[in-house]
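In what follows, a single structure is set out as structure tokens and then discussed.
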Amino acid sequence: MKKVIMGNHAVSYGVRASEAKVISAYPITPQTHVVELLSEMCANGEIDAKFIKVESEHSAMAACVGASAAGVRTFTATSSQGLLLMHEMLHWAVGARLPIVLANINRAVGPPWSIWTDQNDSLSQRDVGWLQLYVESNQETQDTIPQAFKIAEELQMPVMVVMDAFFLSHTYEIVDLIEAEKVREFLPPYQPEIKMDVNDPHSFGNLAGPDMYMELRYMIQEAMEKGIDVIKRVDKEFEKVFGRGYGVVEAYRCDDAETILVTSGTVASTTRAVIDEMRDEGISIGALKIRVFRPFPFEDVFEILSKAKKVAVIDRNISFGGHGIFYQEIKSALYGRTGIPILGYIAGLGGRDITPSVIREIADKALSDKNPERYINWIGVKR
Amino acid sequence: MFNYLEYIRESNFPHIWCAGCGDGIILKALIRAIDKLGMSRDESVMVSGIGCSSRTPGYMDINTLHTTHGRALPFATGVKLANPDLKVIVITGDGDATAIGGNHFIHAARRNIDLTVLLYNNYIYGMTGGQCSPMTPVGSKASTAQHGNLEPSFNTSGLAIAAGASFVARTDVYHVQQCEKFISKALQKKGFSLVEIMTPCPTAYGRRNKMANPVTMMEWLKDNMVPVAKYDKMTDQEREGKVSAGILCDIDKAEFTAEYDKLIKKVRTE
């Protein structure tokens, strides 16, 4: 069934179809609709889940950790300050190898207070060990939730689905709704190998000395390294059932492109329109959307970008004192294997619009830029 | 007529509060109390957390600090310790103070640090659209309690008293003169002073609980806020649905920043 829904509700429908059993969350703009609709679905019996109202995001993730350790499919949603407050528990979910799925609505971090989008909230969680998938449409948002559960449960790792505030969270689009009955063909019931069980007791979160801790960290990295292949396979399996797939990256008119713009989130959609316009003018340009940020698809990125003569990365984020965060990853993917210039552009922080003309400005700058030493170019900053 | 605008940061208007919200009534009561006490605005600081209540300092022409959700009290504790001569007023709400900031709330009261806390209690998370807070009454509906709230709520004033506050009062925006009087008393008290102010949220709470009309919510306050002397004599049955109003605690006891200074002096002279 097709329905016109907001991005936040696309998450809720994805969770309903995935038959999560425990949902715990705390209100925060612009996320709240996600869990309000889930709370309603729990209340009217549309989903057989327990909704736990907690006193903070830290408690929300702690409750998810408990529920997941007890052996059920578990979900939460948050944004910005809420995600940052969860930080300690995000580490915990990874270390405990719990396949929790979290939807994060990208919102700028304060102060000054901002409720508008940028990616610094989720990207500042880069090193906690959560898989991160960035989506660009309401359809992709809904479809990515059951994919995330499948990936999470297979790798025994938590997965974050990340989307832009307002441009996606509050924007209404047509979504082909998926139903639990059909999702079951793709996503089997969650049956953890180890769970809290009175008949088979285990010790959870116990002390690991220097003789053991490092091995457990190695196993997390091992799971991450398997991640790209698992995500690709799960995406294919989803496509088989529902006819829609998204990949780990998406190359748009890149085959013969001399210059490639790298983007993520909703900016990817806008960029495609600019690419078409520039192609019509005879300019050899393409776009690469990064869907999976952790684990980073180094090989896929290299394969596409190494054929180009120049790469321009648009970052709606910044690692202060460093570069744009996607920029750093792209550079790392190409390092030592190609000498092509990689240019970095910071745009759209705190929800400032990245319109087609902004992307065109970046593309024009990139085409004419003869100085690849300039790694950070700020777009539209009033100085 | 009293010139409120003298205290208002007009550049931040229009305000975000909905029609029928009581938060503006508290803002005005606070301005009158500050004005009548002749407080120096240069030596006063307003600190707030997150939520509709916490927008108040943004509208005041005074030193203001708009902090993160639930953390107004630790920020304010830092301000007060750095300069104990400052008058520090904390603006918070039921979600901000008793959920995400609950731990800070009891510890600030326990220390009896000289802060004036105005807690706007509207029974709901208003800013995010009406989710259950720890102050939502049992049985009330919220966006996260479609069939009525299951969880018992805090007696917030009682909690502050038990934790160690030196002044605690409960009032509401209908009884606006009492509201101003209690704010004034709290501002003059040396120690942790709390004024819990019942304020209507017709948009997020009233609409779900048969009080969509702001007047109905005001009437609810008029009819159900009971003077504490009378409330104390009521039976449990009579207390059903009623809320006690008045000064619930007013005691003189050692205040944290003063004790801190005393200790420094003592250690240095020994």
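The values are calculated or read from the model by the stated rules, or taken from the named source; none is laboratory data. The model shown is predicted, which means the values in this text are computed figures rather than measured ones. No Cβ is skipped: glycine too gets one built from the backbone with ideal geometry, and neighbour counts run over all protein chains shown.
Only strands (runs of 3 or more DSSP E) whose full extent lies in the stretch A:278-370 are considered here, and none of them has at least 3 residues that are assigned by TED's automatic domain parsing to the domain that holds A:VAL135. Within the span defined as the stretch A:80-92, every residue fails to be surrounded by fewer than 24 Cβ atoms within 10 Å (Cβ to Cβ), assigned by TED's automatic domain parsing to the domain that holds A:ILE115, in contact with a strand residue (DSSP E or B) (Cβ under 8 Å, 6 or more places away or on another chain) and closer than 23 Å to A:ALA10 by Cα. Considering only residues in the stretch B:65-92 that are more than 19 Å from A:TRP113 (Cβ to Cβ), of a type in the set (A, V, I, L, M, F, W, C) and surrounded by fewer than 23 Cβ atoms within 10 Å (Cβ to Cβ), the one that is nearest to the other protein chains (Cβ to nearest Cβ) turns out to be B:ALA82. Evaluated against (1) within 22 Å of A:GLY95 (Cβ to Cβ); (2) in a loop (DSSP other than H, G, I, E, B); (3) aromatic (Phe, Trp, Tyr), A:PHE166 falls short on exactly one condition, (1).
Just to verify a result, which residue in the stretch A:233-262, among those that are of a type in the set (Val, Ile, Thr) and either touching a residue at least 60 places away in the same chain (Cβ under 8 Å) or touching a Gly at 6+ places or on another chain (Cβ under 7 Å) (or both), is farthest from A:ALA366 (Cα to Cα)? Don't jump to the end; show me each part of the working.
From the stretch A:233-262, those of a type in the set (Val, Ile, Thr) are A:234, A:241, A:248-249, A:259-260, A:262; that's our starting set.
If we keep only those that are either touching a residue at least 60 places away in the same chain (Cβ under 8 Å) or touching a Gly at 6+ places or on another chain (Cβ under 7 Å) (or both) too, we end up with A:234, A:259-260, A:262.
Details: A:VAL234: 36, A:THR259: 8, A:ILE260: 9, A:VAL262: 12 Å.
The selected residue is A:VAL234.
Does A:ILE28 satisfy the condition of being buried (at least 22 other Cβ atoms within 10 Å of the Cβ) and more than 9 Å from every other protein chain (Cβ to nearest Cβ)? So that I can check it myself, show each step before the final result.
On the way: buried (at least 22 other Cβ atoms within 10 Å of the Cβ): yes; more than 9 Å from every other protein chain (Cβ to nearest Cβ): no.
In short, no.
Considering A:ALA17, A:ALA69, the condition of being surrounded by fewer than 24 Cβ atoms within 10 Å (Cβ to Cβ) and on the phi < 0 side of the Ramachandran plot is satisfied by A:ALA69 alone. Scanning the stretch B:150-165 for residues that are assigned to a loop (DSSP other than H, G, I, E, B) and surrounded by fewer than 23 Cβ atoms within 10 Å (Cβ to Cβ), we see that the one that is nearest to the other protein chains (Cβ to nearest Cβ) is B:GLU151.
With respect to the stated conditions, A:ALA63 is part of a helix (DSSP H, G or I), out of contact with any Asp or Glu (no Cβ under 8 Å at 6 or more places or on another chain) and more than 9 Å from chain B (Cβ to nearest Cβ).
Among the conditions (1) under 20 Å from B:SER54 (Cα atoms); (2) of a type in the set (Val, Ile, Thr); (3) out of contact with any helix residue (DSSP H, G or I) (no Cβ under 7 Å at 6 or more places or on another chain), the only one that B:VAL138 does not satisfy is (1).
Could you say whether any residue in the stretch A:254-265 is in a loop (DSSP other than H, G, I, E, B), polar (S, T, N, Q) and buried (at least 22 other Cβ atoms within 10 Å of the Cβ)?
In the first step, residues of the stretch A:254-265 are kept if they are in a loop (DSSP other than H, G, I, E, B); the result is A:254-258, A:264-265.
Filter again for polar (S, T, N, Q), leaving A:264.
With the extra rule that they be buried (at least 22 other Cβ atoms within 10 Å of the Cβ), the set shrinks to A:264.
For the stretch A:254-265, residues in a loop (DSSP other than H, G, I, E, B), polar (S, T, N, Q) and buried (at least 22 other Cβ atoms within 10 Å of the Cβ): present.
Screening B:ALA142 against (1) under 16 Å from the mean Cα position of the chain (by Cα); (2) facing chain A (nearest Cβ under 10 Å) leaves a single unmet condition, (1). Number of residues in the stretch A:250-289 that are within 20 Å of the chain's Cα centre (by Cα) and within 17 Å of A:ILE340 (Cβ to Cβ) equals 5. The set of residues in the stretch A:93-133 being closer than 25 Å to A:VAL234 by Cα, out of contact with any strand residue (DSSP E or B) (no Cβ under 7 Å at 6 or more places or on another chain) and assigned to a helix (DSSP H, G or I) consists of A:ALA93, A:VAL94, A:GLY95, A:LEU123, A:ASP127, A:VAL128. Determine whether A:VAL34 is buried (at least 21 other Cβ atoms within 10 Å of the Cβ), within 13 Å of another protein chain (Cβ to nearest Cβ) and in contact (Cβ under 8 Å) with a residue 60 or more places away in the chain. Criteria met by A:VAL34.
Looking across A:SER114, A:SER137, one residue alone is small (Gly, Ala, Ser), within 13 Å of the chain's Cα centre (by Cα) and modelled with pLDDT of 95 or more. It is A:SER137. The set of residues from the stretch B:208-257 being of a type in the set (Lys, Arg) and in contact (Cβ under 8 Å) with a residue 60 or more places away in the chain comprises B:ARG208, B:LYS253. Of the numbered criteria (1) part of a helix (DSSP H, G or I); (2) under 24 Å from the mean Cα position of the chain (by Cα); (3) acidic (Asp, Glu), the one A:GLU181 fails is (2).
Residue-wise test of (1) under 23 Å from A:PHE326 (Cα atoms); (2) of a type outside the set (Gly, Ala, Ser); (3) within 14 Å of chain B (Cβ to nearest Cβ).
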| site | (1), (2), (3) |
| --- | --- |
| A:SER114 | yes, no, yes |
| A:GLN132 | yes, yes, no |
| A:GLN142 | no, yes, no |
| A:ALA148 | yes, no, no |
| A:ASP164 | yes, yes, no |
| A:ILE178 | no, yes, no |
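Within the stretch A:84-103, is there a residue that is more than 10 Å from every other protein chain (Cβ to nearest Cβ), small (Gly, Ala, Ser) and under 19 Å from the mean Cα position of the chain (by Cα)? Looking through the stretch A:84-103, at least one residue is more than 10 Å from every other protein chain (Cβ to nearest Cβ), small (Gly, Ala, Ser) and under 19 Å from the mean Cα position of the chain (by Cα).
When the stretch B:124-138 is examined, which residues are found to be within 14 Å of another protein chain (Cβ to nearest Cβ) and outside any strand (DSSP E or B)?
The answer is B:GLY126, B:MET127, B:THR128, B:GLY129, B:GLY130, B:SER133, B:PRO134, B:MET135, B:THR136, B:VAL138.
Contact map, the stretch A:196-210: residues that are under 16 Å from A:ALA67 (Cβ atoms) paired with residues that are of a type in the set (A, V, I, L, M, F, W, C) and modelled with pLDDT of 95 or more, Cβ distance under 6 Å, separation 6+ or inter-chain. Pairs shown: A:MET196/A:ALA69; A:MET196/A:ALA70; A:PHE204/A:ALA69.
Each residue in the stretch A:9-25 was checked for being touching a Phe, Trp or Tyr at 6+ places or on another chain (Cβ under 7 Å) and within 11 Å of another protein chain (Cβ to nearest Cβ), and 1 pass.
Count of the stretch A:198-211 residues, restricted to those that are on the phi < 0 side of the Ramachandran plot and surrounded by 10 or more Cβ atoms within 10 Å (Cβ to Cβ), is 3.
Out of everything in the stretch A:40-57 that is assigned to a helix (DSSP H, G or I) and either closer than 12 Å to A:ALA77 by Cα or free of Cβ contacts under 8 Å to residues at least 12 places away in the same chain (or both), what residue ends up being farthest from the other protein chains (Cβ to nearest Cβ)? Break it down stepwise before answering.
Within the stretch A:40-57, the subset assigned to a helix (DSSP H, G or I) is A:40-43, A:57.
Checking the rest, the ones that are also either closer than 12 Å to A:ALA77 by Cα or free of Cβ contacts under 8 Å to residues at least 12 places away in the same chain (or both) come to A:40, A:43, A:57.
Values: A:GLU40: 6, A:ALA43: 4, A:GLU57: 8 Å.
Of everything passing the filter in the stretch A:40-57, A:GLU57 is farthest from the other protein chains (Cβ to nearest Cβ).
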